[in-house]
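Readers should treat all values here as calculations from the given coordinates under stated rules, not as data from a laboratory. This structure is a prediction, so every number in the text was calculated from the model and none was measured. Here the Cβ is made from the backbone with ideal geometry for all residues, glycine too, and neighbour counts use every protein chain on show.
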Ligand SMILES: Nc1ncnc2c1ncn2[C@@H]1O[C@H](COP(=O)(O)OP(=O)(O)OP(=O)(O)O)[C@@H](O)[C@H]1O
Ligand SMILES: [Mg+2]
C-alpha cells in the first residue's frame with residue numbers, strides 16, 4: 001500500500017559490533033540452558049511435593065527473577081506475556097505482575113551513582129528532598145518520592161545504570177534472529193523482521209527521557225478533555241535524558257482497580273477505553289505500552305496513564321484506515337472489513353484470492369461481533385492474524401502499533417476485573 005506514510009519512529013538502534021552480539025548471544029544461551037537445567041528439576045520436585053498450582057507459582061517466581069537478571073528487553077517481554085491474564089494460570093499471572101511495577105529496585109550503590117551523575121548534569125535537582133521511598137520500579141527505571149522547596153510532592157524517575165548498552169545489544173540480536181526466522185517456511189512469508197525492527201526501535205526510544213517528557217506533555221494535552229483521565233505533569237527544568245521528574249500521583253497500585261465499587265467498574269473501563277480510542281482514532285498519537293504498571297485505575301475510578309516513552313505517531317492515512325475499519329466492524333460488515341484488509345496488505349503475492357480471504361474475515365466478524373457476542377480485541381486479533389497467515393495476506397508493520405496498543409490495554413482491563421462484562425470495546429473505541 002504505497003500511499004501509506006510510515007510511522008515516525010525514533011532513530012535506528014546504535015551499531016553493535018559483531019563480536020559483542022556473538023558474546024551476548026552466547027551468554028544468553030548459556031543462561032537459558034542453565035535455567036532449564038536448574039528450574040526443570042526444581043519444578044518436578046515442587047510438583048510432587050506441593051501440587052500443581054504452588055509448583056507453577058514457584059516456577060514463575062524463579063523465571064521472573066531470571067528474566068530480571070537478563071535485562072530490560074526481557075522484562076518487557078515478560079510484561080507483554082503477563083498482560084494476557086486470560087491465557088495464563090492465575091498463579092503465573094500473579095508472579096508476572098511483579099514485572100509491571102515491582103522489579104528489584106536499584107541497589108543503594110547504583111542509586112547513589114546515578115543520582116550523583118544526575119546532580120552533576122542538572123544542579124537544579126539539588127533542591128529536591130528525596131524521602132527515600134521507592135514508588136515503583138520498572139524495567140528501565142526506578143521512581144522515587146520527593147518534594148521541592150514549596151512542599152510539592154514529586155516523583156523522580158531515575159534510569160537504571162547500563163540500560164542503553166544492554167538493550168541495544170539485546171534488541172539488535174532479536175532483529176538478527178528474526179531476520180533468520182523470517183526465511184523459514186513456517187513464517188509463511190510474514191514480514192516479521194520489519195515489524196520487530198520497528199518495535200525494537202520504539203522500545204529503545206524509551207531510554208531517552210527527553211523524548212518521554214515530550215510524549216507525556218503531548219498525551220496530557222490530548223487527553224485533557226476526557227473526564228477521569230490523568231497524565232502526570234512533567235517538570236522539564238528538572239529532567240534530562242536519564243532523569244524525569246513529574247508530579248506525584250497518589251493511589252497507584254495494581255490492587256486499586258479491585259477497590260472500585262462494582263457499580264463503577266463499567267464506567268471506569270469505558271473511561272480507559274475512551275482514552276485509548278482517542279489516542280488511536282482521533283489523535284494518531286498512541287501509547288503502546290499500556291500494561292498494568294502504566295495504565296492504572298484508581299480506587300475512585302479515575303484512570304492514570306504514565307510512562308509514555310513508548311508512543312508512536314500514527315500517520316493520518318493509517319489512522320483513517322483504522323477508523324474506517326472499526327466503523328465497519330461496529331456495523332458487523334465483515335465483507336468490507338475483509339476488503340479493507342486485503343486492499344491495504346503488502347504486495348507480496350497473497351496465496352489466496354480476494355474473495356476467499358474476504359469470506360473468511362466476514363465469517364470471523366460474524367462470529368465475534370453482534371448482539372450475541374462479547375467482542376474481545378485479543379480473540380479477534382488472533383483470528384485475523386491466523387487468517388492473514390493462512391492466506392499470505394500481510395499487513396504493513398505500521399498497523400501493528402495501534403492494534404497492539406488496543407490489545408494490551410484490553411488485556412490490562414480484563415486482568416483488573418476478570419468477571420466484568422466489559423463495555424463493548426468496538427463501540428467504546430469508535
Ligand atoms: N508520577 C508518579 N507518581 C506515583 N508513582 C509513579 C509515578 N510515576 C511512576 N510511578 C510508579 O513507578 C513505576 C515505574 O515507573 P515507570 O513505569 O515510568 O518505569 P519504567 O521503568 O519506564 O517502566 P516499564 O517497565 O513499564 O518501562 C510505575 O509503574 C508507578 O508505580
Ligand atoms: Mg512502566
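Could you list 48, 304, 156 so that the one with the fewest beta carbons within 10 Å of its beta carbon is first and the one with the most is last? Can you show the working numbers first?
Values: 48 9, 304 20, 156 24.
Placing the least packed residue first, the sequence is 48, 304, 156.
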* According to the square roots a ≥ b ≥ c of the eigenvalues of the Cα gyration tensor, what is the shape class of the range 119-269, taking rounded for a/c under 1.5, prolate for a/b larger than b/c otherwise, and oblate for the remainder? -> oblate
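Relative contact order for the range 272-372: what percent, with Cα pairs under 8 Å and sequence separation of 6 or more?
Working: 94 pairs, mean separation 22.2, N = 101.
Relative contact order for the range 272-372 comes out at 22 percent.
Taking square-rooted eigenvalues a ≥ b ≥ c of the alpha carbon gyration tensor, is the range 167-229 rounded, prolate or oblate, where a/c under 1.5 means rounded and, failing that, a/b exceeding b/c means prolate?
Working: a/c = 5.25, a/b = 2.13, b/c = 2.46.
Note, shape of the range 167-229 comes out oblate.
Okay, helix-only estimate at 222 nm for the chain: each DSSP H run of n ≥ 4 adds -39500 (n - 2.57), divide by all residues, round to 500 deg cm²/dmol; what do you get?
After summing the helix terms and dividing by the residues of the chain, the value is -17500 deg cm²/dmol.
Mean projection of the alpha-carbon convex hull of the range 213-272 over all orientations, in nm²? Before the final figure, lay out each step's value.
Numbers: hull surface 20.1 nm².
Averaging across all directions leaves 5.0 nm² for the Cα convex hull.
Using the count of nearby Cβ atoms within 10 Å as a rough guide to exposure, how do 49, 217, 121 rank from fewest to most? Write down the numbers at each step before the final one.
Numbers: 49 9, 217 15, 121 12.
Ranking 49, 217, 121 by Cβ neighbours within 10 Å, fewest first, gives 49, 121, 217.
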* Once both axes come from the Cα atoms, what is the angle between helix 18-50 and the longest principal axis of the chain, in degrees from 0 to 90, rounded to 10? -> 90 degrees
* Structure fact -> The alpha-carbon center of the range 332-383 and that of the range 192-254 are separated, in whole Å, by 33 Å
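Give the relative contact order (percent, whole number) for the range 183-287; include only Cα pairs under 8 Å separated by 6+ residues.
Working: 74 pairs, mean separation 22.6, N = 105.
Over the range 183-287, the number comes to 22 percent.
Sort 422, 279 by Cβ crowding within 10 Å, fewest neighbours at the top. Provide the component values of the computation, followed by the final result.
Numbers: 422 19, 279 26.
With the fewest neighbours first, 422, 279 line up as 422, 279.
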* **Cα shape, the chain, gyration tensor, a/c 1.5 rule** => rounded
* Asked: Does a label point 7 Å from the Cα of residue 122, set along Cα-to-beta-carbon, have any residues of the range 287-328 with amide nitrogen under 19 Å, and which are they?
  -> 306-311
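Could you work out the relative contact order of the chain, using alpha carbon pairs under 8 angstrom and six or more residues apart, expressed as a whole percent?
Numbers: 677 pairs, mean separation 74.4, N = 430.
Worked out over the chain, it gives 17 percent.
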* Structure fact -> Expected unfolding gain across residue 266-residue 104 under the 0.36 nm per residue rule, minus the alpha-carbon gap, is 55.0 nm
* Where is the GNM fluctuation largest for the chain (alpha-carbon springs, 10 angstrom cutoff): 227, 395, 105? -> 227
* Structure fact -> If the chain between residue 134 and residue 44 were fully extended at 0.36 nm per residue, the gain over the current Cα-Cα distance would be 28.8 nm
* Angle between the chain longest axis and helix 72-82 axis [Cα atoms, degrees, rounded to 10] -> 50 degrees
* Asked: Relative to the longest principal axis of the chain, what angle (0 to 90°, nearest 10) does the C-alpha long axis of helix 354-368 take?
  -> 60 degrees
* Share of antiparallel DSSP beta bridges in the chain, in percent to the nearest 5? -> 90 percent
